[in-house]
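Peer 1: The structure is given below, and queries will be raised subsequently.
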């Protein structure tokens, strides 16, 4: 094999690899979705509804107004809100983390409803509030980080 053919054998793949490396450095790699203002607003609204609900439960603890039967509409409304924001989040490419976090928020709602059916007490409210606030905060932090362009 001549020197020229040996050079072509190694040089051509090397040049092609270098060109691909240079071109890949010029491309914009997306590992996560862009900021979504509607997701931000919807999660903020869900957190607000939850806080209003928990304050109402605290205020009316032991009264008929705090019973599960009197509050089923709240659960239905929040379930619809979460479904809408999950559908929107699922429609956005590379948005898997937000979808997972919304799933956890939905799980928290299901657990709250179960506790409420069994008979919620004033001592149950602080950890419930913390769980919902942590879930909402995680979603909002990620959305706001996407808005600022952080990874």
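Peer 1: Starting from 0.36 nm per residue, how many nanometres of slack lie between residue 145 and residue 121 once their C-alpha separation is accounted for? Before the final figure, lay out each step's value.
Peer 2: Values: separation 24, 0.36 × 24 = 8.64 nm, distance 3.65 nm.
Extra length available between residue 145 and residue 121 comes to 5.0 nm.
Peer 1: Starting from the coordinates of the alpha-carbon atoms of the range 42-115, obtain the Kirkwood hydrodynamic radius over all distinct pairs and give the value in Å to one decimal. Walk me through the intermediate numbers first.
Peer 2: Values: mean 1/r = 0.0755 Å⁻¹.
After inverting the pairwise mean of 1/r, the radius is 13.2 Å.
Peer 1: I would also like to ask the following. Taking the beta-carbon count within 10 Å as an exposure proxy, list 57, 104 from fewest neighbours to most.
Peer 2: 104, 57
Peer 1: Could you please rank 50, 61, placing first whichever residue has the fewest other Cβ atoms within 10 Å of its Cβ?
Peer 2: 61, 50
Peer 1: Okay, next question. Taking the number of other C-beta atoms within 10 Å as the exposure measure, put 64, 81, 34 in order starting with the fewest.
Peer 2: 64, 34, 81
Peer 1: Starting from 0.36 nm per residue, how many nanometres of slack lie between residue 133 and residue 51 once their C-alpha separation is accounted for?
Peer 2: Working it through step by step, the gained length comes to 28.6 nm.
Read the figures in this text as sums done on the coordinates, not as results from a lab. Keep in mind that this is a model prediction, so the values were computed, not measured. No Cβ is skipped: glycine too gets one built from the backbone with ideal geometry, and neighbour counts run over all protein chains shown.
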